[in-house]
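One structure below.
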Amino acid sequence: MITTNQFRTGMTIEVDGVLYTILDFQHVKPGKGQAFVRTRLRNIKTGAIIDKTFRAGERVELARLDHRLMQYLYSDHGNYVFMDAETYEQLSLSSEQIGEARKYLKEEMTLEILMYEGKPIGVELPTFVELKVISTPPGVKGDTATGGTKPATLETGAVIQVPLFIEEGDIVKIDTRSGEYITRLTGK
């Protein structure tokens, strides 16, 4: 058990038998009345995001998750197959369990599978991934004074905003937490 004073972003808690990841939290002390903690939580199973308020100092169950390092192999009709590098055991996760992470999954990528009571419940991507730009409109020469951006489709199918100088074939570094472009690693 932990108190609301110990909340941290990314922590997994159990509320009424349901697992949630803390996306954001804010301690609020109104001028009148008792302090409380306002949170945004993501349901691990459904991916739904809810807002929930806790009383300051309220005790909540901390979910103990196991992290297993696995390699992403392939997707097959909405199921994503992963392999344990040590035991060569394979397991499959549904697209609901993968959630938004599917936009950044690349074959042979190594990542952590979250396990709860021996069952896989989701994935934890690395903070940054390197992906190839498959298509993007050409930047107009001399149109960089405003620091503009344009859409780019990555090899995984994700569409992100990139600077105008990015071309097809470039490898770019992406922050998986926000989906933002970080830097260009190599040109064609």
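Since every read-out is calculated from the coordinates, none of them should be taken as a lab result. Note that the structure is a prediction, hence the values are computed from the model and not measured. Cβ: placed from backbone, ideal geometry, glycine included. Neighbour counts: every protein chain shown.
If I ask for residues that are free of Cβ contacts under 8 Å to residues at least 24 places away in the same chain, in contact with a Phe, Trp or Tyr (Cβ under 6 Å, 6 or more places away or on another chain) and either under 26 Å from Ser94 (Cβ atoms) or not polar (S, T, N, Q) (or both), which ones from the range 23-67 would you list?
Phe25, Val28
Looking only at strands (runs of 3 or more DSSP E) that lie completely in the range 1-111, which have at least 1 residues being farther than 22 Å from Leu125 by Cβ? Quick ask: steps written out before the conclusion?
Values: elements: 12-15, 18-28, 36-43, 49-55, 59-62, 66-76, 79-84, 90-94.
Counting at least 1 such residues, we get 12-15, 18-28, 36-43, 49-55, 59-62.
Return yes when Lys52 is charged (D, E, K, R), over 30 Å from Thr156 (Cβ atoms) and touching a Ser or Thr at 6+ places or on another chain (Cβ under 6 Å) and no when it is not. Before the answer, list the steps.
Working: charged (D, E, K, R): yes; over 30 Å from Thr156 (Cβ atoms): yes; touching a Ser or Thr at 6+ places or on another chain (Cβ under 6 Å): yes.
Here the answer is yes, as Lys52 does meet what is asked.
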